[in-house]
2 protein chains.
Amino acid sequence: MAYDKAFAALSDPTRRKVFELVSARPRSVARIAGELPISQPAVSHHLKVLREAGLVIAEPKGASNIYRIDPQGLAAIRTWLDRTWEAALDAFQAEFSIEKEEK
Amino acid sequence: MAYDKAFAALSDPTRRKVFELVSARPRSVARIAGELPISQPAVSHHLKVLREAGLVIAEPKGASNIYRIDPQGLAAIRTWLDRTWEAALDAFQAEFSIEKEEK
DNA sequence: GTTTATCATAAACCATGGCTTATGATAAGG
DNA sequence: CCTTATCATAAGCCATGGTTTATGATAAAC
C-alpha cells in the first residue's frame, strides 16, 4: 500500500513543512535549507523520505536538484481517506438500521 | 493546527489499523485487542493518541468503553490536503505563465 | 461488600528516527 | 585541470515512541 509510506512521511512536522514549501513552488535543496532552521543534510534526508513515499520528484538541473510535488502521493492519501470515510458512513447507516429494527 | 496531531496519529501502521476497525464499526477496547496481535494496554494507548488527535470518541457503556470515529479529525486532514493540493496547482499555473512570458 | 470484568496508567525496555558534523561525488566555471 | 558549488551518504548522538508486564480504578453481578 502506497499510502503507508506517505502517511509516515507526513507525520513529522519539519518534513511536512519541507513538503509544503516544495508544493508551493519547486525549489532546490539549498533553497529549502535556507528557509528552515535545519542543516542541508537534514533537508536531503527529509526529501529522500518524501521521494520514497512518492510525494516529491527530483529534477537534476546542473549541480543542483530541483524538487517538485508528485501528485500520486497526495492522491494515495486521498484514496485512503475516502475509503475510511465511506466505511464510517456505512457503519452509521448500519447502526441506524439496527435501531430501527429493534423498535 | 489540529491536523498536526492527526497526521502523527495515523503515521503508525498498527494505530491506523485500530482506527480502521473503529471506523468500520464502533467497538470496545477488548474487542479491538482481540482482533489485533497486541496487548490491551497497547490498544488503550493507541486509542488515547487517536482520541487526543480528535479522530475517535469514547463512549462509556457499563464497565467497557465503546470507541467510534470522530469526523472532525478526518475533516482536518482533508482540509490540509485540499490546501496543499491547491497550492501545488497554483504553482503549476504560475510556472506555466512565466514560461509563456519568456517566449 | 466481594468478586469479576473492563479499561487506564506506570515503569521499563528496545527500536526507530531526526539531527548534526564530517566526508564523498558530481557538475559547472575559470 | 583545479576550484567552487551543490547535493547525497555515513557515523554518531539523543529524543521519541511503541510494546509488554504489572498495577490501579471503576462498574456490573452475585
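The numbers here are math on the coordinates, done by the rules we state, and not lab data. All values reported here derive from a predicted model rather than from experimental measurement. Every residue, glycine among them, receives a Cβ derived from its backbone with ideal geometry; neighbour counts consider all protein chains shown.
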**OP:** Quickly estimate the mean residue ellipticity at 222 nm for chain A, helices only: each DSSP H run with n ≥ 4 gives -39500 (n - 2.57), and the total goes over all residues, rounded to 500.
**Re:** -22500 deg cm²/dmol
**OP:** Give me the distance between the Cα centres of segment B:35-99 and segment A:1-40, rounded to whole Å.
**Re:** 19
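Cα convex hull of segment A:2-101: mean projected area in nm², to one decimal?
In nm², the orientation-averaged hull projection of segment A:2-101 is 7.5.
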**OP:** Let me know the charge dipole size of segment A:2-101 about its Cα centre in debye, to the nearest 20, where only the beta-carbon of Lys, Arg (+1) and Asp, Glu (-1) is charged.
**Re:** 860
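Using Cα pairs under 8 angstrom and six or more residues apart, how large is the relative contact order of chain A, in percent?
Here the relative contact order equals 30 percent.
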Subject >> Around residue A:85: net Lys/Arg minus Asp/Glu count, Cβ-Cβ under 15 Å >> reply: 0
Subject >> Top positive-direction residue, dipole computed over the protein assembly as shown with Cβ charges, set A:81, B:55, B:93 >> reply: B:55
Original post:
Summing +1 for each Lys or Arg and -1 for each Asp or Glu, what net charge is found among the other residues whose Cβ lies under 14 Å from the Cβ of residue B:64?
Top reply: +3
Subject >> Taking only Cα atoms of the protein assembly as shown, radius of gyration then Dmax in Å >> reply: 20.3, 72
Subject >> Zero-based 10 Å bins, Cα pair distances in segment A:1-46, whole percents >> reply: 27, 54, 18, 1
